[in-house]
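S.K.: Supplied in structure tokens, the structure appears directly below.
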Amino acid sequence: MRQLLTALLRFLLRHALQFALFIVILLAGRLLLAEWRAYSAASGAVTALRQAASGADHHGAGLADAAMARVNALQTTSQTAIDARLAQVQAQLRQLRAQQQPSLFTLPLPDTSTLAMHAREEATRRVEIEVLAQEEHYLTALQAALNGEDARHTLARLHAEHVDAYAALQNNVRQRRELEAQHPVAARLPGSDTYAQLVRLEAEGQRLREVNLQAYRAWLAQRARTNDAARPAPFAIDDSALAGALAPVRAAITAGEAQLARNWIARWRGPVMDVVPTAALLVLSAILLPLAIKAFFYFVLAPLASRLKPLSIGHALNVTATTLPLPPDGQSRISAVSQALQLKPGQQMLIHPAYLQSSPVSSTKRTQWLLDWRFPFTSLAAGMVALTRLHSDAPASVTISASDDPLLEIAIVHLPAGSALVFQPRGLVGLICDTGQPLAISSHWRLGSLHAWLTLQLRFIVFRGPVTLIVRGCRGVRMERAGQGRSISQSATLGFSTDVLYSTLRSETFIPYLRGQQALLNDRFDGDNGVYLYEETPRHGKQPGKVGSWFEGFTDALLKVFGI
């Protein structure tokens, strides 16, 4: 019952967590979708408004040029033509102002197509209103200037009439004074001719005073009606006022940009788009550069290396080459799951503890920390550390087997005196040599060989006989004669005798090499009496699917440089 309840609780908890996870995913998706829709709407609206503002600017410039040409041409026409154009402009303004609709430049903005259409119409209408308003203002000033010019002509005429009336009045006064001065008595005597003449002059003076007063009053009234408006300068559009007509459009653009600035998609879009070309170039380089390098290696360096002189390690050794014994009956397989070895008195066995399956109780075992203290790095890298040193005063049978890996098999390679074998210590699990005699191991660098550089094996480790090597190999180890030329996979090679001519041979097909299914080069061995060893199923360095496979590949390449 308790187990049932525990299972039920786990079931409910698991599905409750799934339910919560689904809720989180759906909410995140909804928020992301809403953010994207807001970004798309705001971005489209701002683009539409910018296009409308730009189109209105161009339209306004065209209207301004046409208005300036038209108005400046009216400078030389009659006042009737000016009045007619002014009336036409005022009618167009009334019509445009009557078309005004509620502003669309508010948030949230309408859909992009509607906004684009109305924004163009509204921006165009505002620009046309501004140009016509400036034209109306100028024509009104021009009309006032022309009317003022006519009034000034009338004022001058009335002033001249007043001057003439005043001059006639003064002449009448002068005549009366002269008559009174010449006939002082007769001018005061009624019935005399002088008196009658003076009475006529006084009546004429009274009439002239009325005429003069009327002329003066007419001049004063005309002067009050006359303005001092001068003829305006040539018409020119006020660009700042014309730009101010689009202020609502630009305010809407600013509001849309502010909304975009609060959108995280818009904030990240700019930096991402800035680095997209560089990232695309890097990705393209990451794709094409390895292809180009592989093509260069396959079609240029590998054919060049195949035509070079083979490597011969035996030339650097002062030993006479001795042929290694081959398996009987033409068989090449020399390995088995386990091997039984006879350890003679005077011999010692250095063996990795994991491969020592059984041994006589009477044998003496000690620990030897390194295979050879002259090659500490090689011993450590090959795993030949903390070895078991075994020797016996009587013949002893020792069984060697790979107890921790069912795919590994053990091979025994006897190197007689005078023989030498180039061998990669990665395949070595132990050896048998004479007690008290140092191991005959040497290393040889080949830095001047293209074969060595292409295979990254610049250092070759050589074991000299007499010694018996205990070798491991996945699914088995084979030994074959080089003869007139043999080719095998580089990853399978364990070693070859020093009288072998070693070279590289390009793989037959390019596509498997390009896809990483086949190595660029295979090992080639030539020599009638030379032999080479290889494991049937190489697997070192092949760890696909592991996170650290790139690091393992690097370390394998580094060990290969040192011949390990």
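The values are calculated or read from the model by the stated rules, or taken from the named source; none is laboratory data. Treat the numbers as computed from the prediction; the structure is a model and nothing was measured. FYI the Cβ positions are ideal-geometry reconstructions off the backbone, even for glycines, and counts take in every protein chain you see.
S.K.: Restricting attention to segment 177-196, which residues are surrounded by 15 or more Cβ atoms within 10 Å (Cβ to Cβ), out of contact with any His (no Cβ under 9 Å at 6 or more places or on another chain) and in a helix (DSSP H, G or I)? Let's see the steps before the verdict.
M.R.: To start, the set of residues in segment 177-196 that are surrounded by 15 or more Cβ atoms within 10 Å (Cβ to Cβ) comprises 179-180, 183, 186-187, 194-195.
Subsequent filtering for residues that are out of contact with any His (no Cβ under 9 Å at 6 or more places or on another chain) retains 179-180, 183, 186-187.
Those that are surrounded by 15 or more Cβ atoms within 10 Å (Cβ to Cβ), out of contact with any His (no Cβ under 9 Å at 6 or more places or on another chain) and in a helix (DSSP H, G or I): Leu179, Glu180, Ala186, Ala187.
S.K.: Then there's this: With respect to Leu454, is the statement that it is more than 25 Å from Gln368 (Cβ to Cβ), surrounded by 18 or more Cβ atoms within 10 Å (Cβ to Cβ) and in contact (Cβ under 8 Å) with a residue 40 or more places away in the chain true? Break it down into steps so the answer makes sense when it comes.
M.R.: On the way: more than 25 Å from Gln368 (Cβ to Cβ): yes; surrounded by 18 or more Cβ atoms within 10 Å (Cβ to Cβ): yes; in contact (Cβ under 8 Å) with a residue 40 or more places away in the chain: yes.
The answer is yes for Leu454.
Condition check ((1) in the same structural domain as Ala119 (by TED's automatic domain parsing); (2) among the small types (Gly, Ala, Ser); (3) within 27 Å of the chain's Cα centre (by Cα)) across all residues:
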site	(1), (2), (3)
Asp239	yes, no, no
Ala243	yes, yes, no
Trp268	no, no, yes
Pro271	no, no, yes
Pro277	no, no, yes
Leu288	no, no, yes
Phe297	no, no, no
Leu301	no, no, no
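S.K.: Do we find that Leu74 is of a type in the set (A, V, I, L, M, F, W, C) and not assigned by TED's automatic domain parsing to the domain that holds Phe235 in this structure? Lay out the reasoning, then the answer.
M.R.: Working: of a type in the set (A, V, I, L, M, F, W, C): yes; not assigned by TED's automatic domain parsing to the domain that holds Phe235: no.
No; evaluated as a whole, the condition is false for this residue.
S.K.: Next up: Would you point out the residue of segment 365-394, among those that are charged (D, E, K, R) and within 60 Å of the chain's Cα centre (by Cα), that is nearest to Ile432 (Cα to Cα)?
M.R.: In the first step, residues of segment 365-394 are kept if they are charged (D, E, K, R); the result is 365-366, 372, 374, 389, 393.
Within this subset, residues satisfying the condition of being within 60 Å of the chain's Cα centre (by Cα) are 372, 374.
Working: Asp372: 13, Arg374: 18 Å.
By that ranking, first place goes to Asp372.
S.K.: Looking only at segment 224-237, filter to residues that are modelled with pLDDT of 70 or more and touching a helix residue (DSSP H, G or I) at 6+ places or on another chain (Cβ under 6 Å); which one of those is farthest from Ala123 (Cα to Cα)? Give the steps one after another, and end with the answer.
M.R.: Step one: of segment 224-237, the residues modelled with pLDDT of 70 or more are 234-237.
Next, only the ones that are touching a helix residue (DSSP H, G or I) at 6+ places or on another chain (Cβ under 6 Å) stay: 234-235, 237.
On the way: Pro234: 27, Phe235: 23, Ile237: 17 Å.
Result: Pro234.
S.K.: To continue, here is another question. So which residues in segment 254-310 are acidic (Asp, Glu) and out of contact with any helix residue (DSSP H, G or I) (no Cβ under 8 Å at 6 or more places or on another chain)? Spell out the reasoning first.
M.R.: In the first step, residues of segment 254-310 are kept if they are acidic (Asp, Glu); the result is 257, 274.
Residue satisfying the conditions is Asp274 alone.
S.K.: Sticking with this one: Residue check: is Gln348 in contact (Cβ under 8 Å) with a residue 60 or more places away in the chain and part of a strand (DSSP E or B)? Reasoning before the result, please.
M.R.: Numbers: in contact (Cβ under 8 Å) with a residue 60 or more places away in the chain: yes; part of a strand (DSSP E or B): yes.
It is true that Gln348 is in contact (Cβ under 8 Å) with a residue 60 or more places away in the chain and part of a strand (DSSP E or B).
S.K.: Here is a further query. Give the number of residues within segment 413-440 that are part of a strand (DSSP E or B) and surrounded by 18 or more Cβ atoms within 10 Å (Cβ to Cβ).
M.R.: Going residue by residue through segment 413-440, those that are part of a strand (DSSP E or B) are 413-415, 420-423, 428-434.
This time we only want the ones that are surrounded by 18 or more Cβ atoms within 10 Å (Cβ to Cβ), so: 413, 415, 420-423, 428-433.
Residues meeting the conditions: 12.
S.K.: If I ask for residues that are in contact with a helix residue (DSSP H, G or I) (Cβ under 6 Å, 6 or more places away or on another chain) and not aliphatic (A, V, I, L, M), which ones from segment 456-469 would you list?
M.R.: Gln457, Phe460
S.K.: Cβ contacts < 7 Å: first residue of a type in the set (Phe, Trp, Tyr), restricted to segment 155-170; second residue crowded, with 17+ Cβ neighbours inside 10 Å, any location; separation 6+ or different chain. Result?
M.R.: Between residues of segment 155-170 that are of a type in the set (Phe, Trp, Tyr) and residues that are crowded, with 17+ Cβ neighbours inside 10 Å, the close pairs are Tyr166/Asn212.
S.K.: Do we find a residue being outside any loop (DSSP other than H, G, I, E, B), in contact with a Phe, Trp or Tyr (Cβ under 6 Å, 6 or more places away or on another chain) and crowded, with 17+ Cβ neighbours inside 10 Å anywhere in segment 394-403? Break it down stepwise before answering.
M.R.: Step one: of segment 394-403, the residues outside any loop (DSSP other than H, G, I, E, B) are 396-401.
Remaining after also requiring in contact with a Phe, Trp or Tyr (Cβ under 6 Å, 6 or more places away or on another chain): 400.
Now drop any that are not crowded, with 17+ Cβ neighbours inside 10 Å, which leaves 400.
Scanning segment 394-403 turns up at least one residue that is outside any loop (DSSP other than H, G, I, E, B), in contact with a Phe, Trp or Tyr (Cβ under 6 Å, 6 or more places away or on another chain) and crowded, with 17+ Cβ neighbours inside 10 Å.
S.K.: Please go through segment 49-96 and pick out each residue that is under 56 Å from the mean Cα position of the chain (by Cα) and of a type in the set (Ser, Thr, Tyr).
M.R.: Result: Ser54, single match.
S.K.: Only residues that are surrounded by fewer than 17 Cβ atoms within 10 Å (Cβ to Cβ), acidic (Asp, Glu) and at pLDDT 65 or above: list them for segment 107-135, please.
M.R.: Glu121
Per-residue answers, yes or no, for (1) more than 13 Å from Leu428 (Cβ to Cβ); (2) at pLDDT 90 or above:
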position	(1), (2)
Tyr355	no, yes
Ser359	yes, no
Ser363	yes, no
Gln368	yes, no
Asp372	no, no
Thr378	no, no
Ala382	no, no
Thr399	yes, yes
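S.K.: Right, Cys433: touching a residue at least 40 places away in the same chain (Cβ under 8 Å), within 25 Å of Ile351 (Cα to Cα) and out of contact with any Asp or Glu (no Cβ under 8 Å at 6 or more places or on another chain) or not? Give the steps one after another, and end with the answer.
M.R.: Numbers: touching a residue at least 40 places away in the same chain (Cβ under 8 Å): yes; within 25 Å of Ile351 (Cα to Cα): yes; out of contact with any Asp or Glu (no Cβ under 8 Å at 6 or more places or on another chain): yes.
Spelling it out, Cys433 is indeed touching a residue at least 40 places away in the same chain (Cβ under 8 Å), within 25 Å of Ile351 (Cα to Cα) and out of contact with any Asp or Glu (no Cβ under 8 Å at 6 or more places or on another chain).
S.K.: Between a first residue in segment 501-522 that is more than 15 Å from Leu456 (Cα to Cα) and a second residue that is assigned to a strand (DSSP E or B) and of a type outside the set (A, V, I, L, M, F, W, C), which pairs have beta carbons less than 6 Å apart while being 6 or more apart in sequence or on different chains?
M.R.: Correct list of pairs: Leu501/Asp526; Leu501/Gly527.
S.K.: Of the residues Arg50, Arg30, which single one is surrounded by 10 or more Cβ atoms within 10 Å (Cβ to Cβ), under 23 Å from Val127 (Cα atoms) and among the basic types (Lys, Arg)?
M.R.: Numbers: Arg30 fails: under 23 Å from Val127 (Cα atoms).
Answer to the selection: Arg50.
S.K.: Inspect all residues belonging to segment 64-87 and state whether any of them is at pLDDT 75 or above, of a type in the set (Val, Ile, Thr), under 16 Å from Ile129 (Cβ atoms) and in a helix (DSSP H, G or I).
M.R.: Within segment 64-87 (the criterion being at pLDDT 75 or above, of a type in the set (Val, Ile, Thr), under 16 Å from Ile129 (Cβ atoms) and in a helix (DSSP H, G or I)), the answer is no, since none of the residues qualifies.
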